[in-house]
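Engineer: Let me begin by handing over the structure; questions about it come next.
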Amino acid sequence: MLNELTCQLDHAVLLRLLAEHDAATYAHSCAVRELVHQLAMEMQLDAATRMLASRAALLHDIGKLGIARRILQKPGRLTHSEHLAMRRHPVLSAEIVATLPTLRHLTPAVRHHHERWDGAGYPDKLAGERIPLPARLIAVADAYHVMTAGRAYQSCRAVSHALAELRRCAATQFDPTVVRAFCQMMQQTQGEMERAA
């Protein structure tokens, strides 16, 4: 009970820092957490894996605390050096959560959310099932949210376009099983919204 309370407090403190550093990254992390939670339910993962994936999703970009605001909030394309700085955030995220005993178990999921199914990702070039399952869920939800919410340098895309892009990148960038489950979940959600309208 005390460990769970401490874990929640550690989460809250880190998220508060992130919200103050960059509100857009905080909002993105919350949205990715919700998508990951729904996806884990869709895939019928066990309760422990669902909780780990959800908590890791909330902190997957916490390393952006170490990235200058001018880079995070830049309205145009990043320079090569700025892009390299941004690519450091999974390692920084992992280093931050690893320092807190109550969050240390999230380190692999946070560190590896930019790995690719084909091994061409970063930071460690893991491939396939060597990438922790929670990180594979975060990767799909993260990409979907970036596409549909947009960025300063990229306008938002329609849900149908984002799902088509995920399908196109299944088995290269993303775990194809996770993509299949995510697309099915989003199509069901969209169908429910259309029926309710």
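The values are calculated or read from the model by the stated rules, or taken from the named source; none is laboratory data. Nothing here was measured: the structure is a model prediction, and the numbers come from that model. Neighbour counts run over all protein chains shown; Cβ positions are idealised from the backbone, glycine included.
Engineer: Considering only the range 75-113, state which residues are loosely packed, with under 15 Cβ neighbours inside 10 Å and either closer than 13 Å to LEU14 by Cα or touching a Gly at 6+ places or on another chain (Cβ under 9 Å) (or both).
Structural biologist: Once the filter is applied, which keeps residues that are loosely packed, with under 15 Cβ neighbours inside 10 Å and either closer than 13 Å to LEU14 by Cα or touching a Gly at 6+ places or on another chain (Cβ under 9 Å) (or both), the range 75-113 yields only THR99.
Engineer: Hey, another quick one. Look through the range 119-137, keep the residues that are under 17 Å from the mean Cα position of the chain (by Cα) and small (Gly, Ala, Ser), and return whichever of them is surrounded by the fewest Cβ atoms within 10 Å (Cβ to Cβ).
Structural biologist: Going through the qualifying residues, I end up with GLY121.
Engineer: While we're here: Can you name every residue in the range 175-184 that is closer than 17 Å to MET147 by Cα and surrounded by fewer than 22 Cβ atoms within 10 Å (Cβ to Cβ)?
Structural biologist: CYS183
Engineer: Another question, then. Would you be able to tell me the number of residues in the range 7-17 that are touching a helix residue (DSSP H, G or I) at 6+ places or on another chain (Cβ under 9 Å) and within 15 Å of ARG104 (Cα to Cα)?
Structural biologist: Looking only at that region, the number is 4.
Engineer: Checking the conditions here, which among GLU20, GLU4, GLU34 is out of contact with any helix residue (DSSP H, G or I) (no Cβ under 7 Å at 6 or more places or on another chain) and either closer than 18 Å to HIS145 by Cβ or touching a residue at least 24 places away in the same chain (Cβ under 8 Å) (or both)?
Structural biologist: Being out of contact with any helix residue (DSSP H, G or I) (no Cβ under 7 Å at 6 or more places or on another chain) and either closer than 18 Å to HIS145 by Cβ or touching a residue at least 24 places away in the same chain (Cβ under 8 Å) (or both) holds for just one of GLU20, GLU4, GLU34, which is GLU34.
Engineer: Ok, one more. Among the residues of the range 19-34, is any of a type in the set (S, T, N, Q) and in a loop (DSSP other than H, G, I, E, B)?
Structural biologist: No.
Engineer: I've got another one for you. Here's a check for you: in the range 164-174, which residue that is surrounded by fewer than 19 Cβ atoms within 10 Å (Cβ to Cβ) and not hydrophobic (A, V, I, L, M, F, W, C) is farthest from ASP118 (Cα to Cα)?
Structural biologist: Filtering the range 164-174 for residues that are surrounded by fewer than 19 Cβ atoms within 10 Å (Cβ to Cβ) and not hydrophobic (A, V, I, L, M, F, W, C), the one farthest from ASP118 (Cα to Cα) comes out as GLU165.
Engineer: Among the residues of the range 43-58, how many are part of a helix (DSSP H, G or I), surrounded by 13 or more Cβ atoms within 10 Å (Cβ to Cβ) and over 17 Å from the mean Cα position of the chain (by Cα)?
Structural biologist: Result for the range 43-58: 0.
Engineer: If you go through the range 89-116 one residue at a time, how many are out of contact with any Ser or Thr (no Cβ under 6 Å at 6 or more places or on another chain) and within 20 Å of GLN173 (Cβ to Cβ)?
Structural biologist: 12
Engineer: Within the range 138-157, is there a residue that is in contact with a Gly (Cβ under 8 Å, 6 or more places away or on another chain), surrounded by 15 or more Cβ atoms within 10 Å (Cβ to Cβ) and among the polar types (S, T, N, Q)?
Structural biologist: No, that holds for no residue.
Engineer: Looking only at the range 36-84, how many residues end up being within 17 Å of LEU106 (Cα to Cα) and among the polar types (S, T, N, Q)?
Structural biologist: Here the count works out to 2.
Engineer: Still on this structure, please answer the following. Name the single residue that is modelled with the lowest pLDDT among those in the range 139-153 being in contact with a helix residue (DSSP H, G or I) (Cβ under 8 Å, 6 or more places away or on another chain) and more than 14 Å from ARG180 (Cα to Cα).
Structural biologist: Filtering first and then ranking leaves ALA149.
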